[in-house]
Amino acid sequence: MDKKYGLYIVLGLVIGVVFGAAFGTAIGNTIPGIALGGFGGVFVGWFMAAAMLENSKGKDKTGDS
């Protein structure tokens, strides 16, 4: 993977931790909120990077630019 895709994963982690901290404060358990938000953010970032990678592979095969 390119550095760009790794950046999407880390960016997803950071955004997930921020939302998890806010959600964790709302339910009264900050640490589990941060952990679940981080895991969710990594998953979303990984999914976005994988989708972009597959999309770029499809363009290479068809010759589109």
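The values are calculated or read from the model by the stated rules, or taken from the named source; none is laboratory data. Just so it is clear, the structure is predicted and the values come from calculations on it, not from any experiment. When we count neighbours, we look across all protein chains shown, and the Cβ atoms used for this are built from the backbone with ideal geometry, even at glycine. Protein only, heavy atoms only, side chains kept; ligands, DNA and RNA dropped before computing areas. Shrake-Rupley method; radii C 1.70, N 1.55, O 1.52, S 1.80 Å.
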**Complete:** Residue pairs within 6 Å by beta carbon, gap of at least six or interchain, first lying in region 17-31 and at pLDDT 85 or above and open to solvent by 80 Å² or more (accessible area, probe 1.4 Å), second part of a helix (DSSP H, G or I) and not β-branched (V, I, T), listed first then second, are F19/G37; F23/G33
**Prompt:** Which members of region 17-48 meet the condition of being over 8 Å from the mean Cα position of the chain (by Cα) and among the small types (G, A, S)?
**Reply:** G20, A21, A22, G24, A26, G28, G33, A35, G37, G38
**Message:** For region 1-15, which positions are under 16 Å from E54 (Cβ atoms), assigned to a helix (DSSP H, G or I) and among the hydrophobic types (A, V, I, L, M, F, W, C)?
**Reply:** I9
